[in-house]
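Since the structure comes first, as structure tokens, the remarks are kept for the end.
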Amino acid sequence: MPRNKISDIVEGRILQLFRWGYSQSLIVNILKLDGIHVSQPTVSNVKQKIGRQRNSESKIKIFRKKPSQTPSIIKKVIEKIDVKEPPTQRAIAKDLHISQSTVSNIIKNSGFTLRKKQKVQKLTSSNVMKRGQRSFKLYRRLARGRYKNFITTDETWFYLDETSGRRKVCYIKKTDPDYDRMIIQQNTSRPKGFMVWGGVSSQGKTTLRFVTPGTKVNSNYYINKVLKPFLTKDVPRLFRKGKKLKWIFHQDSAPSHTAKETIKFLEQNKIHYITPQEWMPASPDAAPMDYSIWGHLKQQLNKTRIDSIEELKKKILYEWRKMSQTYIDKVLASWPRRVLKIYQARGSHIEH
């Protein structure tokens, strides 16, 4: 077909109609309604020469939306993703009878981005106020390497199965300053399993102590099964008498930690510690065991299949022994900075 038989505009119109899925005969009829008369062989020739008919810079470029990306479909996709618990892209595609790549393109072109939800502690207004008031004083106690004098301890739960039924991702506008939809606030309820106590310092790790399932960890249990073995076995090993370091004990504000009997025991044994009045409430983001050590340990456990509680205990002990002091030192070094961030955030969340 000679190039001068149809104009660039007509050729562009034919190509556009082809890409919209119209047949050759329908294209001829559509053009005829617009007063453009072309034969079906001419339309066929244009189709066959797509991509090689012209190579000049003046080649017509046709910008279009795919038929599946109609305003109606785009609206439906956005309605499905713009919620706290969005379905998967595969589920959206199946429900709307479009491809998964179309869903992905709509999400991207609409200005949304996929974000993994960040787990954070639940804060009341009272928590925020106390965190803001107490954080700077704690920062000063930790700054300039003084964190190296601390033994920081905590308990956590380990269990075989973790299912919350909640999606761990969300879609959010790139320009949206509201990060609340990108966090999962956690309550203090614990899943079934067993509890473990442990601690770390610049001088090494404590021994892990497993709490017997079904046992209530009150002040009496905490003093006799945790603190006494800790003081008689762990402390002498980690902070030997010959060293000048005066160690300081750190724990969170769990009821067994702040009970009168526990405080009395610490005072009687002349233990230097962060008092309940000094510690910030609801602050796992300022406790090394919470914001890193336990998470690292659980991440290692998730790499292999574990089928029984006994196997889980053995694996925990193995991974605990394996945890390097280099890693622990990096975690502890970040402690003062995190506490300072809480002060700068006036007690609000810092993990977002």
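The figures follow:
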{"item": "Of Lys205/Lys330; Lys225/Lys264; Lys241/Lys330; Lys148/Lys330; Lys228/Lys260; Lys84/Lys119, pairs whose Cα-Cα distance is over 19 Å", "result": "Lys241/Lys330"}
{"item": "Burial ranking of peptide ranges 130-137, 265-272 (average Cβ count within 10 Å, highest at the top)", "result": "130-137, 265-272"}
{"item": "Extended-chain gain in nm, criterion 0.36 nm per residue less alpha-carbon gap, Thr124 and Glu278", "result": "53.6 nm"}
{"item": "Unit charges on C-beta of K, R, D, E only; dipole of segment 71-110, Debye", "result": "80"}
{"item": "Most to least packed among 144-150, 330-336 [average Cβ atoms within 10 Å]", "result": "330-336, 144-150"}
{"item": "Relative contact order, percent, segment 71-110 [alpha-carbon distance under 8 Å, six or more residues apart]", "result": "38"}
{"item": "Accessible area in square angstrom per residue, segment 8-55, 1.4 angstrom probe", "result": "60"}
{"item": "Per-peptide average of other Cβ atoms within 10 Å, ordering 199-205, 219-225 highest first", "result": "199-205, 219-225"}
{"item": "Distance in nm between pseudo-label sites at Lys313 and Glu261 (7 Å out along the Cβ direction from Cα)", "result": "2.4"}
{"item": "Sites Lys270 and Leu208 - FRET efficiency at Förster radius 30 Å, r taken between beta-carbons, to 0.05", "result": "0.70"}
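The values are calculated or read from the model by the stated rules, or taken from the named source; none is laboratory data. Values in this document were obtained by computation on a predicted structure and should not be read as measured data. Methodologically, a virtual Cβ is constructed for each residue, glycine included, from the backbone with ideal geometry; neighbour enumeration extends over all protein chains shown. These area figures cover heavy atoms from the full protein model, side chains too; ligands, DNA and RNA do not enter into them. Shrake-Rupley method; radii C 1.70, N 1.55, O 1.52, S 1.80 Å.
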